[in-house]
1. Tell me the accessible surface of L193 in square angstrom (1.4 angstrom probe, heavy atoms of protein chains only), to the nearest ten.
2. Where only protein heavy atoms count, and the probe is 1.4 Å, what is the accessible area per residue for the chain in Å²?
3. I'd like the GluC sites (Glu not before Pro) in region 172-232 restricted to DSSP loop residues with at most 13 other Cβ atoms within 10 Å, sorted by number.
4. For the chain, which whole percent of the accessible surface, found with a 1.4 angstrom probe, sits on carbon and sulfur atoms?
5. Please list, by residue number, everything in region 203-247 whose backbone N is under 13 Å from a paramagnetic label point 7 Å out along Cα→Cβ of N152.
6. May I have the convex hull volume per residue, in Å³, for the Cα set of region 1-97?
7. Using only the Cα atoms of region 81-170, what do you get for the radius of gyration and for Dmax, in Å?
8. Give the relative contact order (percent, whole number) for region 100-197; include only Cα pairs under 8 Å separated by 6+ residues.
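The values are calculated or read from the model by the stated rules, or taken from the named source; none is laboratory data. Computed from a predicted model, the values in this text were never measured in an experiment. Neighbour counts are summed over all protein chains in view; Cβ atoms, including those assigned to glycine, are modelled from backbone coordinates with ideal geometry. Heads up: the accessible areas ignore ligands, DNA and RNA and are worked out on the full protein's heavy atoms, side chains in. Shrake-Rupley method; radii C 1.70, N 1.55, O 1.52, S 1.80 Å.
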Amino acid sequence: MDTAAPYLGFRSHAVLAETAADLLPKFALSTKVGFFPSAGGAEHSLDPVRLRLRLAIERAARELGREPDTVLLHNPERSLAGLSTPDGRTLLGNACTALADAARDGLCGTWGVASWDTRSLEMVQVDDLPSPDLLMVRAGFLVGIDLLDAINVLRTAWQPGETWGMSPFGGGHRKVWEEFDPRPFLRPRHEDLSRIQAAFRVSFYLPSASAMAVGTDDPGHLAQLVQTLGAEVDTAAVSQYLRALHGHRQS
């Protein structure tokens, strides 16, 4: 189960604890820190000097009634935009150190980075920064080849233990799936599955990910997605698709 501090107007942790109650310990729970309440609604900060990140993790544990299994640095690119490479590396390095220290001190089990656009992280050269246990990135057919390449560069530099995907449907671009059928990327084609189900299954390979974060108010939707996990993805077709994207960019 994945959440984040700013969801529901910074009430997500308290609402989750109240709703799930004694079921919450039965879930592997991840959350994100990096956004803070402000007069404008929310501000982003990677500043651990003021202990904001550590205090946010401590607050999350209090509100949830338990330590999160994983804490992710939430969209660090928001604070890296416009910085020089040395300044960005220093800021991101200090933030990563703050989360690594929190995990070491038992405030969470593992730590990681959740990034909507990893290209800013790639530009600050992360090779000598603390390496996260987990990297969460956009996934699926609606992720462009530039971003997929940047994700691969970042994973090579950081070597995280796991990669999780998010937003496999591109934020509700439903018309895309009326015009594009992802089922040929499955083996066999699985005509019994919907295009949305096929898109979800293939998203685990764009880029390769061990888990996929999706949100819905309808448990039936989640059940439909779980049904797809037994379908086999044609990895040769995925590789051909990626080569075509590279070729289109070069042309």
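1. Counting only protein heavy atoms, the figure is 20 Å².
2. Counting only protein heavy atoms, the per-residue value for the chain is 50 Å².
3. Those that pass, being in a loop and sparsely packed, are E191, E232.
4. Carbon and sulfur atoms account for 52 percent of the accessible area of the chain.
5. 206-208, 238-247
6. About 94 Å³ per residue, rounded to a whole number.
7. 13.2, 39
8. Answer for region 100-197 is 25 percent.
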